[in-house]
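To start, the structure under review is shown below, and the notes come after it.
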Amino acid sequence: MSAIRKLFLSHVAQTSEMSMCLEVSHASGVYIYGSDGKRYLDFNSGIAVSSLGHCHPEVVDAIQKQAATYMHTMVYGEHIQSPQVEYATLLSSVLDNGLDSVYFVNSGTEAVEAALKLARKSTGRTEIISCSRAYHGSTIAAESLRSDDDFTRNFLPSIPGVRHIDFNQPDQLERITHKTACIILEPVQAEGGIIPPVDDYLIKVRQRCDETGTLLILDEIQTGFGRTGYLFAHQKYGIVPDILLIAKGMGGGMPIGALVAKKFLMSALAKNPSLGHITTFGGHPVCVAAALATLKILHHQSYVCEVSAKEILIRTLLLHPLIKTIRSSGLMLAVELNDAKHLTPVIDAAIRNGVLIDYFLFDQTSFRIAPPLIITTDQIIEGVQNIIAALDEVNQNIKK
Ligand SMILES: Cc1ncc(COP(=O)(O)O)c(C=O)c1O
């Protein structure tokens with residue numbers, strides 16, 4: 001075992017007992033390079049983060065310039081910092097749907113926390129509805145939104161007032177009532193194994209929220225920034241949320257998130273009492289500068305428009321007897337195998353073959369493909385060939 005791996009396992013806290021333990025040397029474009037010189041095609045983007053690939057030159061340039069100009073100056077909201085102002089103004093104009101106020105935070109989970117607080121405070125109601133098999137983050141409130149008791153029972157008590165409904169079941173929308181402060185859901189269930197909304201499900205959610213005065217919080221932390229083939233998935237599915245949550249791909253590889261809402265709603269965090277949500281590092285100027293460069297590239301260049309053709313290419317090439325079906329929305333794909341017991345061998349073999357694919361939290365039969373949006377046709381072919389070789393290898397072993 002290498003010295004750095006030993007130190008990693010001894011001193012860097014682990015989230016599981018089966019870390020991938022990939023020793024990163026450097027990363028560029030769609031590739032991550034191991035310290036042993038091996039090159040890995042990143043078919044996963046650090047779970048939908050590196051949409052512009054690794055170390056995009058314009059993002060790196062923005063980070064370097066901002067770091068040399070100023071970094072942290074005061075906790076969020078006190079000083080006027082031009083990266084925040086420029087970002088919030090550009091995002092409001094790109095959204096063009098009335099969501100014109102951006103509250104910057106550090107992560108997806110913090111965006112969820114702040115949105116739940118905003119919903120309870122502005123409605124005066126306490127009930128929160130979330131969908132089964134959804135993941136919204138790892139703090140106690142965000143974990144309370146999870147439906148899998150096997151997990152959540154280890155961290156009880158959850159926050160009170162959370163009820164679950166099943167995604168894509170319009171009959172259950174009756175459970176949203178005049179007592180419900182908010183419903184929080186993803187437009188495409190990500191960790192559930194890429195479950196797109198059926199028919200006009202999201203439109204029905206919007207209608208029910210309007211009937212009951214319930215706020216619709218849309219978690220676009222994974223679907224945002226072009227992943228589904230639209231800059232935001234709610235544009236694809238024809239709804240406008242009350243509170244939009246963004247993070248992951250937002251920062252071009254830097255840690256940042258935000259909640260976006262209409263100004264009059266967001267202002268509930270600023271009065272009676274003021275300081276309704278505060279954050280020391282949220283909207284850090286270097287992270288916002290990276291986010292601004294990312295948004296400008298996605299807005300002005302053609303990557304988002306090319307997502308659908310790349311999705312079709314992967315679906316067309318990735319055919320194998322071990323595959324049962326593929327679900328997708330743009331460049332977020334779940335490849336479901338015929339048998340769950342083949343999942344780990346296939347993922348391990350693919351990584352050995354130099355292509356990084358990953359698991360889902362709530363779907364034990366499928367692997368995830370979510371490459372950077374900048375991926376080229378040749379790189380898609382390379383990745384799919386390596387996955388097929390992994391599937392072949394596992395298939396051969398079954399026959400032995
Ligand atoms: C849909 C969704 N919401 C929220 C989160 C939490 O984001 P973060 O890890 O930045 O706290 C994630 C992270 O995977 C996510 O996929």
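Screening ILE128, ILE159 for residues that are touching a strand residue (DSSP E or B) at 6+ places or on another chain (Cβ under 7 Å), of a type in the set (Val, Ile, Thr) and more than 11 Å from the ligand (Cβ to nearest atom) leaves exactly one candidate, ILE128. The set of residues in the stretch 323-357 being part of a strand (DSSP E or B) and more than 22 Å from the chain's Cα centre (by Cα) consists of ILE323, LYS324, THR325, LEU337.
Quick one: count up the residues across the stretch 94-115 that are within 12 Å of the ligand (Cβ to nearest atom), surrounded by fewer than 24 Cβ atoms within 10 Å (Cβ to Cβ) and closer than 16 Å to GLY249 by Cβ. Residues meeting the conditions: 3. Restricting the stretch 22-79 to residues that are among the charged types (D, E, K, R) and either in contact (Cβ under 8 Å) with a residue 60 or more places away in the chain or buried (at least 22 other Cβ atoms within 10 Å of the Cβ) (or both) leaves a set whose member that is farthest from ILE221 (Cα to Cα) is LYS38. For the stretch 180-195, check the following and say yes or no: at least one residue is closer than 23 Å to GLN364 by Cβ and surrounded by fewer than 19 Cβ atoms within 10 Å (Cβ to Cβ). No. State all residues of the stretch 204-230 that are touching a His at 6+ places or on another chain (Cβ under 7 Å) and either more than 15 Å from the ligand (Cβ to nearest atom) or of a type in the set (A, V, I, L, M) (or both); if no residue qualifies, say none. Scanning the stretch 204-230 gives THR212, GLY213, LEU218. Assessment of the stretch 80-95 against the conditions (of a type in the set (A, V, I, L, M, F, W, C), farther than 18 Å from PRO241 by Cα and part of a helix (DSSP H, G or I)) yields at least one matching residue. Set side by side, the residues THR73, THR15 differ, and just one is part of a loop (DSSP other than H, G, I, E, B) and within 16 Å of the ligand (Cβ to nearest atom), which is THR15. Taking the numbered list (1) crowded, with 22+ Cβ neighbours inside 10 Å; (2) in contact with a strand residue (DSSP E or B) (Cβ under 8 Å, 6 or more places away or on another chain); (3) not in a loop (DSSP other than H, G, I, E, B) in turn, GLY249 passes all entries but (2).
Bear in mind that the values in this text are calculations on the coordinates, not laboratory data. This is a predicted model, so every value here is computed, not measured. Because the Cβ atoms are built from the backbone with ideal geometry, glycine has one as well, and the counts that use them run over all protein chains shown.
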